[in-house]
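Reading through the structure tokens given below for one structure.
The values are calculated or read from the model by the stated rules, or taken from the named source; none is laboratory data. It should be emphasised that the depicted structure is a prediction, and the values quoted were computed from it without experimental measurement. Cβ sites come from the backbone with ideal geometry, for glycine too, and all protein chains shown count toward neighbours.
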Amino acid sequence: IAQMESELVMEGLIKAKGFEDVIVTTSNSNINVIVKAAELESSQVAQIVSIVKEQTSKSIDNIKIIPVE
């Protein structure tokens, strides 16, 4: 349940930054962030990584951001 709450919080925070649709999935070691976008600028990736790191304390190596149209 805590994992689901964490995913929902991260999704909400990322959407609050202006992203239309976001799905966050977590496992013991990795976090996947699927964002509805054709492409992401480096500043947008930095915003997402910042949110995920604040919420999970995971290394950037364990965060995967996937843009999809």
Exercise for review: Give the residue that is surrounded by the most Cβ atoms within 10 Å (Cβ to Cβ), with candidates limited to residues of the range 7-53 that are over 11 Å from the mean Cα position of the chain (by Cα) and in a helix (DSSP H, G or I).
Suggested key: A16
Point to revise | Test result for N32, closer than 15 Å to V68 by Cα and either of a type in the set (S, T, N, Q) or touching a residue at least 60 places away in the same chain (Cβ under 8 Å) (or both) | key: yes
Practice item. Could you please let me know if Q3 is modelled with pLDDT under 95 and either small (G, A, S) or assigned to a helix (DSSP H, G or I) (or both)? Key: yes
